[in-house]
Amino acid sequence: MRRFFALLSALVITLCAIEVCAVEKDSSAKEKEIIELSNAKWQWMADKDADKLADLFHENSVFVHMGGAWGKKQEVDIIRGGMIHYKQADVKNVSVRFAGETAVVLCDMNLLAVVGGNEVTNHFMVTEVYVKEKKSWKLASLSFTKLSR
């Protein structure tokens with residue numbers, strides 16, 4: 001009888017370990033997908049590719065900058081019109097956390113941008129919130145927090 005319980009315990013532990021590995025592998029793949037999407041977004045911003053960004057941004061998205069907060073249409077118009085040109089995002093560190101079908105990305109970066117005709121570099125912690133709709137990720141929020149070094 002002891003032998004039976006020992007084998008049963010070993011089987012349960014093995015099955016749990018397999019499940020944990022599968023979850024970690026799935027999380028790792030999702031994390032990689034989100035980081036690649038975030039990197040693509042920064043490139044589209046540098047390229048001023050407003051059409052790709054408009055497709056990525058959720059209809060109810062919000063953007064928080066040092067100068068205010070606004071929605072998708074205004075952000076796309078600002079990028080398309082060149083009022084803000086995100087020239088280069090030098091990402092120092094990135095992390096992703098998931099809450100169901102929501103991904104929160106934290107990017108520690110130096111951002112080179114042209115704002116109102118002036119080229120500036122700022123050290124930011126950027127918070128990006130992505131939500132999964134149907135089978136694609138949409139950016140729901142992008143917030144810039146200026147950091148001091």
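The values are calculated or read from the model by the stated rules, or taken from the named source; none is laboratory data. Worth saying up front: this structure is predicted, and the values here are computed from it rather than measured. When we count neighbours, we look across all protein chains shown, and the Cβ atoms used for this are built from the backbone with ideal geometry, even at glycine.
Hey, any hits in the stretch 48-71 for a residue that's out of contact with any helix residue (DSSP H, G or I) (no Cβ under 8 Å at 6 or more places or on another chain) and of a type in the set (S, T, Y)?
Among the residues of the stretch 48-71, not one is out of contact with any helix residue (DSSP H, G or I) (no Cβ under 8 Å at 6 or more places or on another chain) and of a type in the set (S, T, Y), which makes the answer no.
Can you work out which of the residues in the stretch 63-78 that are at pLDDT 95 or above and surrounded by 17 or more Cβ atoms within 10 Å (Cβ to Cβ) is nearest to S38 (Cα to Cα)? Walk me through it before giving the result.
Applying the first criterion (at pLDDT 95 or above) to the stretch 63-78 yields 63-64, 69-77.
Narrowing further to those that are surrounded by 17 or more Cβ atoms within 10 Å (Cβ to Cβ): 63, 72, 75-76.
Numbers: F63: 15, K72: 17, E75: 16, V76: 16 Å.
Among residues in the stretch 63-78 that are at pLDDT 95 or above and surrounded by 17 or more Cβ atoms within 10 Å (Cβ to Cβ), the one nearest to S38 (Cα to Cα) is F63.
With respect to K41, is the statement that it is touching a strand residue (DSSP E or B) at 6+ places or on another chain (Cβ under 8 Å) and more than 21 Å from W137 (Cα to Cα) true? Even if it seems obvious, please write down each step before you answer.
Values: touching a strand residue (DSSP E or B) at 6+ places or on another chain (Cβ under 8 Å): yes; more than 21 Å from W137 (Cα to Cα): no.
Criteria not met by K41.
When the residues of the stretch 42-62 are narrowed to those that are part of a helix (DSSP H, G or I), in contact (Cβ under 8 Å) with a residue 12 or more places away in the chain and more than 16 Å from the chain's Cα centre (by Cα), which ends up surrounded by the fewest Cβ atoms within 10 Å (Cβ to Cβ)?
The extreme case among them is A46.
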